[in-house]
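Peer 1: First the structure, which I've put down as structure tokens, then a few questions once you've had a look.
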């Protein structure tokens, strides 16, 4: 029963040893085998010197996976970002889910925010700018732009292929949104339904065609009430 905590402690000890020895291969092997939560806790325990080594040892994507689970105050997040090379930090933010990246960027001064946006790819910057426009207490402030969508005329087989190709980039894959050619929401289909229905069936035959939607400017409390009403 106690093997798991002991194993984690051993991995953390080895990771620290390899980090101090600047053994990139050894560090990556031990560190990346940890759950992202453990990675985050380890990162928060490090000195600035050791964190600087980590930025060199890990890719922006690997750092992003860990950074998304860190819960720190505004001042600490700003310190961590400024420790990084600006381009590395921008690349890391681009690899995060857009809504999470926005949460981080909203904590920064406007000059720093603009600097990171200017260093990102145009697509990443535009997605982030879209969410930055929404007030903190609105639905738009907590929505995600990383989701999987299909069209009603497609088969279950086709929808599954799309899901597999986009799963790594999506924040959630448990529900797939059905849209029309104009990108308007017309239905929802669950992962369970995709798995349990015949490959040759059409999405339109399986999907729920009465999706409930809210406005991006709606208050988050009102959205929560709406969800409770339709859930129970």
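Peer 1: Describe numerically, in nm with one decimal, the distance between label points set 7 Å from Cα along Cα→Cβ at residue 28 and at residue 145.
Peer 2: Reported label-point gap for residue 28 and residue 145 is 3.0 nm.
Peer 1: Using every Cα-Cα pair within region 149-231, state what percent have a distance larger than 18 Å. Intermediate results must be reported in sequence, preceding the final value.
Peer 2: Working: 1581 of 3403 pairs.
The answer is 46 percent, as a whole percent.
Peer 1: Roughly speaking, what is the stretch gain from residue 169 to residue 195, that is 0.36 nm per residue apart minus the C-alpha to C-alpha distance, in nm to one decimal? Write out the running numbers ahead of the final one.
Peer 2: Numbers: separation 26, 0.36 × 26 = 9.36 nm, distance 1.99 nm.
Roughly 7.4 nm would be gained on extension.
Peer 1: How high is the FRET efficiency from residue 35 to residue 220, r the C-beta distance, R0 35 Å, rounded to 0.05? Don't jump to the answer; show the numbers that get you there.
Peer 2: On the way: r = 29 Å, r/R0 = 0.84.
My answer for the efficiency is 0.75.
Peer 1: Which FRET efficiency, nearest 0.05, do residue 205 and residue 44 yield, Cβ-Cβ r, R0 41 Å? Write out the running numbers ahead of the final one.
Peer 2: Details: r = 49 Å, r/R0 = 1.21.
Calculated transfer efficiency: 0.25.
Peer 1: Follow-up question, since we're still on this one. Between helix 156-166 and the chain, what is the angle of the helix's C-alpha long axis to the longest principal axis, kept within 0 to 90° and rounded to the nearest 10?
Peer 2: 20
Peer 1: Rounded to the nearest angstrom and ordered from largest down, what semi-axes does the equivalent ellipsoid of the chain get from its C-alpha gyration tensor (root of 5λ)? Mind showing how you got there, number by number?
Peer 2: On the way: eigenvalues 270, 113, 57 Å².
Gyration-tensor ellipsoid for the chain: 37, 24, 17 Å.
Peer 1: A further question follows. Could you check the simple spin-label distance between residue 110 and residue 184, using points 7 Å along Cα→Cβ, in nm with one decimal?
Peer 2: Distance between label points: 3.7 nm.
Peer 1: Now for a different question. For the Cα atoms of the chain, what angle does the longest principal axis make with the long axis of helix 86-95, in degrees from 0 to 90, nearest 10?
Peer 2: 40
Peer 1: Round to the nearest 10 and give me the degree value, 0 to 90, for the angle of helix 48-57's Cα axis relative to the longest principal axis of the chain.
Peer 2: Computed tilt is about 60 degrees.
Peer 1: Right, another one. Can you compute the modelled spin-label distance between residue 228 and residue 56, with each label point 7 Å from Cα toward Cβ, in nm?
Peer 2: With each label point 7 Å from Cα toward Cβ, the separation is 5.3 nm.
Peer 1: Please work out whether region 90-179 counts as rounded, prolate or oblate from its C-alpha gyration tensor, where a ≥ b ≥ c are the square roots of the eigenvalues and a/c under 1.5 means rounded, while otherwise a/b larger than b/c means prolate and anything else oblate?
Peer 2: On the way: a/c = 2.98, a/b = 2.05, b/c = 1.46.
Since a/c reaches 1.5 and a/b is larger than b/c, the shape of region 90-179 is classed as prolate.
Every number in this text was worked out from the coordinates using simple rules, so none of it is lab data. Quick caveat, the model's predicted, so the values are computed rather than measured. Glycine gets a Cβ as well: all are built from the backbone with ideal geometry, and neighbour counts include every protein chain shown.
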